[in-house]
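Down below is the structure, laid out as structure tokens.
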Amino acid sequence: MKKKVIVFVSACLGTALVLIGCNENKAADTAGNSISKDSLISRGSYLVATIGCGDCHSPKLMTPRGPVPDTARLLSGHRSNVTLPAVNAAALKDGWALFYGENTAMVSPLGISYAANITSDSTGIGNWSFEQFTIAMTKGKYKGIESNRNLLPPMPWQNFAGMKSEDLKAIYTYLQSTKPVNNVVPQAQIN
């Protein structure tokens, strides 16, 4: 009887050790395998579309149904060859913010801000590290450099401050995969 109990206990311990080992290996495999680049790009594309990044960062073409994104210049920011029309300065004194028709520039009492080129081109964010991207998106720093000026409205960086790192990584990976569009966006004019 004693021998049967020892065999039974040994079998139970052995099974438990195998199960624990399998679970540890599964956890190690899950932790060790990062999400594929294609999955990150797909997730990032989804997030960029649903968050509406192109609403400001994509120049528009006017159609009979209103403005639509210029598909040749998606996410390339305010067009470098477009000068803003004269602005009613009196309206700005009353606290108004005025948006350019393509929605790529805003004039406010703070100054003039232009939507950045966020394509993979070197005139966009093509040379940025993920750390720079994270700093820009979560701390609102121009070009993702801590010592630079703050990003101006309407960039809603505060909305991204609490975003999960894996979602930021997906957005970054997607943007790094976009068609590069050479477009040097004008510098902000701060009042």
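Taken together, the values in this text are just the output of simple stated rules run on the coordinates, not laboratory data. Everything numeric in this text was worked out from a predicted model, so none of it was measured. In this analysis, Cβ positions are derived from the backbone assuming ideal geometry, glycine residues included, and neighbour counts consider all displayed protein chains.
Here are a few things to note about the model shown:
- Cross-chain or 6+ apart pairs with Cβ under 6 Å, the stretch 166-190 first and on the phi < 0 side of the Ramachandran plot, then charged (D, E, K, R) and in a helix (DSSP H, G or I): Ala170/Arg43; Val181/Arg73
- Per-region count, the stretch 76-100, residues within 13 Å of Ala115 (Cα to Cα) and surrounded by fewer than 13 Cβ atoms within 10 Å (Cβ to Cβ): 0
- Being closer than 21 Å to Pro69 by Cβ, assigned to a loop (DSSP other than H, G, I, E, B) and touching a Cys at 6+ places or on another chain (Cβ under 8 Å) is not true of Ile125.
- One residue from Gly101, Gly95 being in contact (Cβ under 8 Å) with a residue 24 or more places away in the chain, farther than 30 Å from Ser165 by Cβ, among the small types (Gly, Ala, Ser) and outside any strand (DSSP E or B): Gly101
- The condition of being over 15 Å from the mean Cα position of the chain (by Cα), within 22 Å of Gly52 (Cβ to Cβ) and either in a helix (DSSP H, G or I) or charged (D, E, K, R) (or both) holds for only one of Lys169, Lys179, that being Lys179.
- Taking the stretch 105-124 as the range and being of a type outside the set (S, T, N, Q) and touching a helix residue (DSSP H, G or I) at 6+ places or on another chain (Cβ under 6 Å) as the test, the residues that pass are Pro109, Ala115, Ile118.
- Residues of the stretch 68-121 classified as of a type in the set (Asp, Glu) and in contact with a strand residue (DSSP E or B) (Cβ under 6 Å, 6 or more places away or on another chain), total: 2
- Of the residues making up the stretch 109-120, those that are out of contact with any Leu (no Cβ under 6 Å at 6 or more places or on another chain) and surrounded by 19 or more Cβ atoms within 10 Å (Cβ to Cβ) are Ile112, Tyr114, Ala115, Ala116, Asn117, Ser120.
- Apart from one condition, Val107 fits all of (1) in contact (Cβ under 8 Å) with a residue 40 or more places away in the chain; (2) in a strand (DSSP E or B); the exception is (1).
- Hey, Lys60 over 23 Å from Asn159 (Cα atoms), surrounded by fewer than 18 Cβ atoms within 10 Å (Cβ to Cβ) and among the charged types (D, E, K, R) or not: no
- Looking only at the stretch 149-162, residues that are farther than 19 Å from Met106 by Cβ and either in contact with a helix residue (DSSP H, G or I) (Cβ under 6 Å, 6 or more places away or on another chain) or assigned to a helix (DSSP H, G or I) (or both) come to 1 in all.
- Number of residues in the stretch 128-142 that are surrounded by 20 or more Cβ atoms within 10 Å (Cβ to Cβ) and in a strand (DSSP E or B): the value is 0.
- Extreme residue, farthest from Lys179 (Cα to Cα), among residues of the stretch 64-92 that are in contact with a Gly (Cβ under 8 Å, 6 or more places away or on another chain) and either outside any loop (DSSP other than H, G, I, E, B) or aromatic (Phe, Trp, Tyr) (or both): Pro67
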